[in-house]
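Right, one structure below, let's go through it.
The values are calculated or read from the model by the stated rules, or taken from the named source; none is laboratory data. As the structure is a prediction and not an experimental result, all values here were calculated from the model. Counting neighbours? That spans all protein chains shown, and the Cβs are built from the backbone with ideal geometry, glycine included. The area values use the complete protein model at the heavy-atom level, side chains included, leaving out ligands, DNA and RNA. Shrake-Rupley method; radii C 1.70, N 1.55, O 1.52, S 1.80 Å.
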Amino acid sequence: MIYAIGDIHGQLAELDRVLSLIEADGGADAHIVFLGDYTDRGPDSRGVLDRLINGVSQGRRWTVLRGNHDRMFCRYLTDGNEHDERIKSGKGWLNPSLGGPTTLASYGVNVEEGDILKRAQAAVPPEHLAFLESRSLWYETDDLLFVHAGIKPGVPMDEQDEDDLIWIREGFLDYEEPFDKLIVHGHTALEQPTHFGNRIDIDSGAGYDRPLTAAVFEGTDCFILTETGRVPLLPTV
């Protein structure tokens, strides 16, 4: 049995809520895979990272993957680069729609003032940056493959491009053939978690103030955790 949590996007209260659901369902030692995008848009990215770092340091069975927003955060702090070529609009990480300003605000940095990068580098604890930079890009079991955005079909995992693993949509979301394993991912926000047969998207839009999703898997059987118990998530086709 293994659990997964979709894109958190700075929503600490929602993270605590679904962690409580998981503990009620599977106990304090449950194995949880976090699918990335811990920062941006929501009000408490710092608190989310503190919670994850503390859990990992305490030896919890938490597998914490990296998402595209986590990488944008790291790149900005490292060298001031706020742009990613995968963002077709050309918007930078400091654009409010991408959420950088709310992330920095959680560290006490107001982007309306000068020397943003210098103040951000001074405010963000080095262990937060190191934690995000050391995250894996995917995790797999006998039946499941967990990844932030998806994979490029037909490419072995050890040959996948990092940009695809954290950014891909075109060529993955519209791929209807079976994969070698059932893929569990986030990145593409939906109104609710959805099972597409060959993949399951559990990004239910916490970055847009919708409820965060926690799922549990027994083999390839998926259930969504709610305050009243498990709800089966069945393929839509």
I need to check one value: relative contact order of the range 92-180, counting alpha carbon pairs closer than 8 Å and at least 6 residues apart, in percent. 16
How high is the relative contact order of the chain? Use alpha-carbon pairs under 8 Å, at least six apart in sequence, and give a whole percent. 23
Mean separation of Cα pairs under 8 Å and 6+ residues apart, divided by the residue count of the range 42-122: what relative contact order is that in percent? 32
Sorted by packing (mean other beta-carbon atoms within 10 Å per residue), highest first, where do 162-172, 198-208 land? 198-208, 162-172
Share of antiparallel DSSP beta bridges in the range 33-187, in percent to the nearest 5? 35
Kindly report the accessible area of the chain per residue (heavy atoms of protein chains, probe 1.4 Å, no ligands, DNA or RNA), in Å². 45
Sequence ranges 85-92, 38-45, ranked by mean other-Cβ count within 10 angstrom, highest first: 38-45, 85-92
Accessible-area composition of the chain, carbon plus sulfur, in percent [1.4 Å probe]: 48
Sort TRP138, TRP62, TRP93 by heavy-atom solvent-accessible area, probe 1.4 angstrom, most to least. TRP138, TRP62, TRP93
Can you list the aspartates and glutamates whose alpha carbon sits under 20 Å from that of LYS88, skipping same-chain ones fewer than 8 residues off? ASP37, ASP40, ASP70, ASP161, GLU162, ASP163, ASP164, GLU170, ASP174
By a straight-distance test (C-alpha under 27 Å), which lysines pair with LYS181 as possible cross-link partners, with residues fewer than eight away in the same chain excluded? LYS152
Theoretical ellipticity at 222 nm over the chain - DSSP helices of four or more residues, -39500 (n - 2.57) apiece, nearest 500: -8500 deg cm²/dmol
Using alpha carbons only, how many angstrom separate the centre of the range 105-169 from the centre of the range 18-97? 7
